[in-house]
Amino acid sequence: MSQLPLNAIKHYSDAHSKPPDLHFQYGTAGFRTLGNTLDSVIFRVGILAGLRSKRLDGKTIGVMVTASHNPEQDNGVKLVDPRGEMLEASWEAHATLLANASSTDAFLEALTALVKSTKIDLSKPARVVYARDTRPSGPALISALEDGFKALGVEARDAGITTTPILHYLVKAINTKGTNESYGEDSEDGYFTKLSTSFKKLVAGKARPDPLIIDCANGVGAHAGAKLIEYLGDSFPLVLENTTTSTPGTLNESCGADFVKTMQRLPPTLANLMKPGQRACSLDGDADRLMYYYLDERGQFRMLDGDKIAALVAAFIVELVKLAGLDSEIKVGVVQTAYANGASTKYLAERLPVKCVPTGVKHLHHAAEHYDVGVYFEANGHGTVLFSKSTQDKLKSHEPSTPAQSTALNHLINLTQLINQTVGDALSDMLLVEVVLAHKSYSGVEWNSLYADLPNRLVKVVVGDRNGFKTEDAERRLVSPPGLQTKIDDLVRRYEGGRSFVRPSGTEDVVRVYAEAVVKSQADGGSPYFIEVTETYKFAVELAFRVAGLVYDEAGGDPSRRPKEFLP
Ligand code: 16G
Ligand code: MG
């Protein structure tokens, strides 16, 4: 093929016309919106994925159809680049442009322009591997995607219903197959074998952990979890809950990692299963986020979020590097976002370099690549650990001088196998956490006591135009609307341990306000306040709502719609 097959594309495109009046945007996590509006978008993404592959000399590109933790009626799609990473940022704009072409003719024109501007050699092969989660809108969207593949003549491999991180694994495994950077067998079996084998080596000789309850969010993690159980055998007993993937309306409903993080409570379906001391975790709808929690001796819910996972894992890796005698050669660093609890940042920064970047996996991932070992986690439970190529080589070639060094070195090598380094992976992260807990003989209590979270609160504000909000300093300060940051600073100063920032969401049409506070400074007097909150969280909530009030006044317009909770 030296030219675009315009006739074939036209034929298929006419069957997947773009709904008028809708604008689509390839955002932080790809396209994501109501599933029943996405037919044309997904068809076009099929063609775009093929072109991306041609552009990269026939390397395999991944396409994942999922809307993660969003409600069941939503769906979405994202592209995975050859090394298993998120799509290169410059192509996000191409995706948005193609998705919004108003007619078949406009789409053909946009495609022709793209081929020219990005210098795509159409004679190269196009290879794609694709998968979907368990959403009811999935099958129809997959057939739209397949029409896109047929229109361009893509060699497409169907990975079926699987988790987002497994799809990322497959992309990397396919593209590294037969090279000296081989990532593993390019199959689900290869993935589970790699994880379970390294896990068993890492916990050999340790006490067998108590059974772990996993809330699968009634999503695709239930399928993957069931397979993992087979591969783990007796090494680690897992109890899967919220596994009804075919009952309409259940996906992410009052369960899953996002529910736990935002509600800061147990999924109701787990309430009767959990005993004091019991540890459990929640996955999200596509199994790339993980939240841990346990009940303390009084039966109180205690959450162990992405920040707690980062603290646990980073400290463990630093210790192993030291034990292996490699601390002068291998530098471990951590990447967080502004949402990281201030107490976690303090804990980590006392031990190793910590960098703060804007929200979104791609920012964290790229920053983590700058360390020899880069640990990144978002507070919401998405994260992983990256070992640079030179670090992996060093681990393989290092000659340990004592048996203790040799053991630590082997643990590090096994960790490079256990951790899905392409992207956050709830199942791989869960095994990683369990390895650390087993090595440290920690229960949830000891883990939780690494540091105490500062009370915090997140508030959404619906505004006329969230694009009027612009940030700097890794989203920690507003540059627009002008003057608003100064007002926020004035408020924050009135709270001890106060911190607050405002940013436009990348996935919803809202502005988000985050606040932390310990106590209110005496000078501020008592303002009337009527939201029911526990005493400890009172000030963080108050600060969050006061900042939200400022944001609303600045951008909301109509004063009669100013929510009552937003105090002056
Ligand atoms: C997406 C991002 C996640 C981020 C979240 C923020 C990926 C794969 N996922 O889910 O990293 O935390 O968006 O959402 O990048 P927000 O912009 O609506 O706050
Ligand atoms: Mg997800």
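The values are calculated or read from the model by the stated rules, or taken from the named source; none is laboratory data. Because the structure is predicted, anything quoted here is derived from the model rather than measured. So basically every Cβ, Gly included, is an ideal-geometry build from the backbone, and we count neighbours across all protein chains shown. Ligands, DNA and RNA are excluded from the accessible area calculation, which covers all protein heavy atoms including side chains. Shrake-Rupley method; radii C 1.70, N 1.55, O 1.52, S 1.80 Å.
Test of understanding: among Gln300, Gln336, which residue is open to solvent by 10 Å² or more (accessible area, probe 1.4 Å) and more than 16 Å from ligand 2 (Cβ to nearest atom)?
Gln300
Tell me whether the stretch 322-333 contains one or more residues that are closer than 20 Å to Thr262 by Cβ and either touching a Leu at 6+ places or on another chain (Cβ under 7 Å) or not assigned by TED's automatic domain parsing to the domain that holds Lys78 (or both).
No: zero hits.
Can you tell me which condition Asp288 does not meet? The list is (1) touching an Asp or Glu at 6+ places or on another chain (Cβ under 8 Å); (2) more than 16 Å from ligand 1 (Cβ to nearest atom), and all the others hold.
Every condition holds for Asp288 apart from (2).
I'd like the residue in the stretch 48-75 that is under 22 Å from Met263 (Cβ atoms), open to solvent by 10 Å² or more (accessible area, probe 1.4 Å) and part of a loop (DSSP other than H, G, I, E, B) and, out of all such residues, is nearest to ligand 2 (Cβ to nearest atom).
His69
Within the set of pairs 6 or more residues apart or between chains, which connect a residue that is within 22 Å of Asp453 (Cβ to Cβ) inside the stretch 490-510 to a residue that is within 16 Å of ligand 2 (Cβ to nearest atom) with Cβ atoms less than 9 Å apart?
Pairs found: Phe501/Tyr339; Arg503/Thr359.
Within the stretch 31-47, can you find the residues that are within 16 Å of ligand 1 (Cβ to nearest atom) and open to solvent by 10 Å² or more (accessible area, probe 1.4 Å)?
Listed by number, the residues that qualify are Arg32, Thr33.
Just one of (1) surrounded by 24 or more Cβ atoms within 10 Å (Cβ to Cβ); (2) closer than 30 Å to Glu253 by Cα trips up Thr28, so point out which.
Thr28 satisfies all of (1) surrounded by 24 or more Cβ atoms within 10 Å (Cβ to Cβ); (2) closer than 30 Å to Glu253 by Cα except (1).
Among the residues of the stretch 220-250, how many are within 16 Å of Arg289 (Cβ to Cβ) and in contact with an Asp or Glu (Cβ under 6 Å, 6 or more places away or on another chain)?
Residues that pass the stated criteria total 2.
I'd like the full set of residues that are hydrophobic (A, V, I, L, M, F, W, C), surrounded by 14 or more Cβ atoms within 10 Å (Cβ to Cβ) and assigned to a strand (DSSP E or B), limited to the stretch 465-499.
Listed by number, the list holds a single entry, Leu478.
Asn380 - would you say it is out of contact with any Phe, Trp or Tyr (no Cβ under 6 Å at 6 or more places or on another chain), within 16 Å of ligand 2 (Cβ to nearest atom), modelled with pLDDT of 95 or more and open to solvent by 30 Å² or more (accessible area, probe 1.4 Å)?
When the stated conditions are applied, Asn380 passes them.
What tally of residues in the stretch 12-25 results from selecting those that are surrounded by 14 or more Cβ atoms within 10 Å (Cβ to Cβ) and either within 16 Å of ligand 2 (Cβ to nearest atom) or in a loop (DSSP other than H, G, I, E, B) (or both)?
Residues in the stretch 12-25 being surrounded by 14 or more Cβ atoms within 10 Å (Cβ to Cβ) and either within 16 Å of ligand 2 (Cβ to nearest atom) or in a loop (DSSP other than H, G, I, E, B) (or both): 6 in total.
Run Thr416 past the list (1) under 17 Å from Val547 (Cα atoms); (2) surrounded by fewer than 23 Cβ atoms within 10 Å (Cβ to Cβ) and report the number of the one that doesn't hold.
Of (1) under 17 Å from Val547 (Cα atoms); (2) surrounded by fewer than 23 Cβ atoms within 10 Å (Cβ to Cβ), only one is false for Thr416: (1).
Identify, by number, the condition in (1) open to solvent by 70 Å² or more (accessible area, probe 1.4 Å); (2) of a type outside the set (Val, Ile, Thr); (3) in contact (Cβ under 8 Å) with a residue 40 or more places away in the chain; (4) more than 30 Å from Gly30 (Cβ to Cβ) that Lys460 doesn't meet.
With (1) open to solvent by 70 Å² or more (accessible area, probe 1.4 Å); (2) of a type outside the set (Val, Ile, Thr); (3) in contact (Cβ under 8 Å) with a residue 40 or more places away in the chain; (4) more than 30 Å from Gly30 (Cβ to Cβ) applied to Lys460, the lone miss is (4).
Taking only the stretch 343-360 into account, find how many residues are open to solvent by less than 20 Å² (accessible area, probe 1.4 Å) and either among the acidic types (Asp, Glu) or touching a residue at least 40 places away in the same chain (Cβ under 8 Å) (or both).
The qualifying residues number 4.
Cβ-Cβ under 6 Å, sequence separation 6+ or interchain: first residue in the stretch 227-239 and open to solvent by 40 Å² or more (accessible area, probe 1.4 Å), partner not in a loop (DSSP other than H, G, I, E, B). Which pairs?
From the stretch 227-239, the pairs are Lys227/Phe192; Ile229/Leu238; Tyr231/Phe192; Tyr231/Ser196; Val239/Ile213.
Please go through (1) more than 17 Å from Trp447 (Cα to Cα); (2) more than 16 Å from ligand 2 (Cβ to nearest atom); (3) among the polar types (S, T, N, Q); (4) in contact (Cβ under 8 Å) with a residue 40 or more places away in the chain for Thr245 and return the number of the only condition it doesn't satisfy.
Every condition holds for Thr245 apart from (2).
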